[in-house]
Amino acid sequence: MLSDYLKGGINVLVDEMPPQDLERVLAESHRVIIKRGDGFITLLPQEGATFDDVMISKRMVEAVAAGFSVDDALMLEDRDYLMDQVNILDYADKGKPSRMNQLRGLIIGENGKAKRNIEELTETKISVKSSMIYIIGRFENVEAARTAIDMLLAGRQHSTVYKWLQSWRAERQRSKFINEIDEEGYLR
């Protein structure tokens, strides 16, 4: 049962969201009607919608508004996935837009190589939009991607960040393997 608060709908800010993406999110949304406003949309729960239905739809709309494809946003239907964000302005002088562009370029890399490497090593999806960097993935993967992004924004070399990510990934794979061994030393 939804509270009266949610029955009135939830507004989600969306600067630029292509109509075809909105239609696709609407088709995938969980018992929620989407009404478009000027710069925002309102999620209205339908009969039988749960709090989780509304929040999943909200997360999906926010992801598409952040620049992710609808397919990437659909990952947020899984409760193990989340979207995090890093504000580039936290690392740039507010009076120097050129510095913000440099920092954005560090994350994207030449022809998107740095962004692609972080995505592949952490099994996440990354979107760089305006002064924000958005990350979608499983919690520990998002945490690693965020650490890598923080390292780059703080001035670390790409090679240093990639080495850290490779060691993080190797440790993660080692932990998964150890967890698959039972008390007698056999794989489960």
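List of remarks:
- Applying 0.36 nm per residue to the separation of F51 and S159 and subtracting their alpha-carbon distance, the gain on full extension is 34.5 nm.
- Between L44 and Q102, the contour length at 0.36 nm per residue exceeds the Cα-Cα span by 16.8 nm.
- Two-site label geometry, K129 and R116: point separation in nm, points 7 Å out along Cα→Cβ: 2.3 nm
- Counted by neighbouring Cβ atoms within 10 Å, the residues K115, K163 run from fewest to most as K163, K115.
The numbers here are math on the coordinates, done by the rules we state, and not lab data. As the structure is a prediction and not an experimental result, all values here were calculated from the model. Because the Cβ atoms are built from the backbone with ideal geometry, glycine has one as well, and the counts that use them run over all protein chains shown.
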